[in-house]
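See structure below.
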Amino acid sequence: MIYAFERARMNLYFLRHAIAVVPGSPAYEDDSQRPLTVKGAAKMKQIAAGLRHMETEFDLILSSPHIRARQTAEILAKSYRIPDKLILTPALLPEAPASQIIIEINEKFPTCKNLVLVGHEPSLSSLISMLISGDPTLNINLKKGGFCWLSVEHLQYDRCATFEWLLYPFQMASLAGLD
């Protein structure tokens, strides 16, 4: 039985958006509008297949509203057949303070057990670093399409998580035999 002051362990996953159109491209002067490339979308489908092969489960996907992150999250949600469990949040925008997403999760989704955050660098790595060490400056290399898993008992903007693993995109794709 879980009492009101206790919280079940949360699996907190971090997914960096897949390969997108190069920053500064003339057709996409507004950085928030840069979409995934064809290669990026195809690779993300492979990544999602690899994650399914690993039998990971997701209850909810929170994503930055920038096009490239949203498209990445949509591919994951479609692959898992949970498109209704995708929520866009400004708390995952690159310029948002990292503490903002922690506040949002604790206020709106405190009972979520398997939560994916889809966003950008360097903010995702900085947040991962803060949660595992209490210092946002650890050098974490989250590649485009990279995926990290932390487990958390009490989510706060400080050292509170256990680092479980970090996988590169090619590792996830090869797990599904698609690389």
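Between Glu153 and Ser32, residue separation times 0.36 nm minus the direct Cα-Cα distance comes to 40.2 nm. Ranking Ala42, Gly146, Val116 by Cα position along the charge dipole of the chain, where only Lys, Arg, Asp and Glu carry charges on their C-beta atoms, puts Ala42 farthest toward the positive end. Highest-first packing order for the peptide set 22-32, 151-161 is 151-161, 22-32, based on the mean count of other beta carbon atoms within 10 Å. Ordering Ala73, Ile105, Gln156 by the projection of their Cα atoms onto the charge dipole of the chain, which places +1 on the Cβ of Lys and Arg and -1 on the Cβ of Asp and Glu, puts Ala73 at the extreme positive end. Kirkwood hydrodynamic radius of segment 10-175, from the reciprocal of the average inverse Cα-Cα distance over all distinct pairs: 15.7 Å. Each Lys and Arg adds +1 at its Cβ and each Asp and Glu adds -1 at its Cβ; summed about the Cα centre, the chain shows a dipole of about 560 debye. Coordinate range of the alpha-carbon atoms in segment 99-179 per principal axis, descending: 39, 28, 20 Å. Here's the list of lysines a cross-link from Lys85 could span, going by alpha-carbon distance under 20 Å and ignoring same-chain residues fewer than 8 apart: Lys45, Lys108, Lys113. Plugging the Kirkwood radius over Cα pairs into Stokes-Einstein for segment 30-110, at a temperature of 10 °C and a viscosity of 1.306 mPa s, what D comes out in µm²/s? D, rounded to a whole number, is 118 µm²/s.
For trypsin sites (Lys or Arg not before Pro), the sites in segment 1-83 that DSSP calls loop and that have at most 13 other Cβ atoms within 10 Å are Arg9, Arg81.
Which percent, to the nearest 5, of DSSP beta bridges fully inside the chain are antiparallel? For the chain, the DSSP antiparallel bridge percentage is about 50. Entry note, segment 10-175: relative contact order of 31 percent, from Cα contacts under 8 Å with a spacing of 6+ residues. Roughly how many Å is it from the Cα centre of segment 117-179 to that of segment 35-50, as a whole number? Measuring centre to centre over Cα atoms gives 18 Å. Here the mean projected area of the convex hull built on the C-alpha positions of segment 88-145 is 4.3 nm². In this structure the amide hydrogen of Ser63, modeled in the peptide plane, comes within under 5 Å of the amide hydrogens of Ile87, Leu88, Thr89, Val118, none closer than 5 places in sequence on its chain. Just to confirm a number: summing +1 for Lys and Arg and -1 for Asp and Glu over residues other than Lys78 whose beta-carbon lies under 13 angstrom from that of Lys78, what do you get? Around Lys78, the charge tally is +3. Tally Lys/Arg at +1 and Asp/Glu at -1 over every other residue whose Cβ is under 13 Å from the Cβ of Gly119; what's the total? Summing Lys/Arg as +1 and Asp/Glu as -1 gives +1.
Coordinate-derived values only; no laboratory data. Fair warning: this is a prediction, and the values are worked out from it, not measured in the lab. Neighbour counts are summed over all protein chains in view; Cβ atoms, including those assigned to glycine, are modelled from backbone coordinates with ideal geometry.
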